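Here the structure is laid out as structure tokens; the discussion comes afterwards.
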Amino acid sequence: TFSLIVNRPLASPSYHRSNRNNHEEIQVSGVGHLFVFGAGFVGQRLCELAREELGGGVRISTSCRQRDKADAIERGNVCDDAYVFDIDNTYTGLSAQGRAALSTATHLVVTVPPVADFDKDPLLEFHKDIVCSSPRLRWVAYLSTTGVYGDHQGNWVDEKTLPNKPSRKASIRLAAECEWQNIVADEQILPSAPDASGSFSVNIFRLAGIYGPSRSAIDTVLKGEAAMAVSSAPTNCPEGSGGDDHNESSHPTKFPMAVEDKDATASSNVAWVSRVHVDDICGALLASMRCQTTEPGATIFNVADREPAPRGMVLECAARLIADARFQAKHGKPSAGPDNNEVVVFRDPGRQGAERRIRAARENKRVCGDKLRQDLQYEFRFTNYESGLRGILGLPQP
């Protein structure tokens with residue numbers, strides 16, 4: 001066995017919340033019951049932050065596909081209630097209790113992508129009638145992907161940019177977006193109670209590459225460093241087997257990179273990747289709740305930070321920050337620069353990393369998220385990948 005961090009261990013990745021002097025300023029008015037459909041990476045974090053922002057007077061519900069996970073979520077006080085959404089066994093969707101909870105939601109966030117079995121939005125496939133006839137629903141957020149834009153040869157795209165040959169998976173997502181837009185455009189909302197307004201807004205959030213604690217370039221570098229430790233250990237490989245040398249996609253990488261590697265980002269062949277920290281996704285959703293329109297309709301927002309970057313540059317930054325964190329842990333003071341005698345050497349992931357690079361090259365674009373910042377008056381907490389990685393490691397912001 002060995003430690004992922006060969007020097008002094010880093011603290012576990014965690015969220016570092018900023019102190020707010022006036023809690024009342026960020027209260028979201030009109031939210032009585034928030035239903036987060038899908039308790040995945042974003043969904044669970046949204047439940048946690050919504051509890052902080054909205055307070056105990058707001059009911060927060062969620063759903064997931066396994067009973068044991070729903071029980072664990074409720075035990076962990078992530079939300080008030082969690083329901084199983086069955087699309088694996090009986091294909092019945094939400095239980096009777098879950099359907100009753102959905103029908104009382106004032107705000108709904110849909111995080112679940114189209115299901116491969118029928119390539120449709122699962123919530124609308126099973127419970128569109130409940131959504132359209134809900135007496136209290138005022139605001140819906142559908143989480144999509146910037147993959148719907150397809151390839152734009154590294155140019156900037158915004159919400160007005162037309163899709164250009166998106167992948168089949170992204171095309172299915174685009175169709176799900178249209179289904180949500182058509183609900184309000186075709187006036188499919190049906191009041192089911194005398195006091196129901198029969199209207200809600202639909203907000204489509206196209207998310208860039210999502211990262212956060214336990215899911216970032218930090219983890220990629222640490223896993224690659226562990227792989228290097230294993231591959232460097234003595235082994236009893238049969239003669240002629242070649243050991244690890246046959247894996248052409250796994251090459252040792254030492255950081256910091258040479259200057260000429262950094263300059264490669266000026267090339268027109270660079271595969272750009274836009275990203276967003278999970279906390280900024282949740283922050284944007286809460287900002288949308290605050291700014292929700294009184295007019296029914298559909299609005300599209302890109303959610304991405306201000307600094308798209310090639311994957312290699314982000315890995316370089318992660319390795320450098322890990323070295324800085326180790327230096328600080330060992331010496332009790334911040335690193336003065338790259339000459340801190342802490343070197344990170346790791347092996348880039350093999351097939352999975354290669355597939356990711358191929359996909360990025362085929363869908364090359366830089367995503368602009370200015371509309372969200374302007375319309376919702378939301379300031380990103382992590383404006384670029386370095387600030388987000390520093391937050392994960394608990395390092396001060398520059």
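Odds and ends about this structure:
- Solvent-accessible heavy-atom area per residue, rounded to whole Å², over the range 104-169 at 1.4 Å: 44 Å²
- Computing FRET efficiency as 1/(1 + (r/R0)^6) for Q153 and D117, where r is the C-beta to C-beta distance and R0 is 35 Å, gives about 0.55.
- In sequence order, calculated HN-Hα J values of the range 212-225 (Karplus, 6.51, -1.76, 1.60; Hz; x Gly/Pro): x, x, 6, 8, 7, 4, 4, 5, 4, 5, 5, 5, x, 5
- Length released on extending from T104 to S199, taking residue separation times 0.36 nm less the Cα-Cα span: 32.8 nm
- Mean separation of Cα contacts under 8 Å (6+ apart) over length of the range 67-177, as relative contact order %: 21 percent
- Inter-site label distance for Y91 and N269 at 7 Å from Cα along Cβ, in nm: 4.8 nm
- Placed amide H near Y142: partners under 5 Å, 5+ positions off or other chain: V110, N203, I204, F205
- Out-of-range pairs (alpha-carbon distance over 30 Å; input K165/K223; K69/K330; K120/K365): K165/K223; K69/K330
The values are calculated or read from the model by the stated rules, or taken from the named source; none is laboratory data. Note that this is a predicted model, so its numbers are computed, not measured. Every residue, glycine as well, gets a Cβ built from its backbone with ideal geometry; the counts of neighbours run over all protein chains shown. Accessible surface areas use protein heavy atoms only, side chains included; no ligands, DNA or RNA. Shrake-Rupley method; radii C 1.70, N 1.55, O 1.52, S 1.80 Å.
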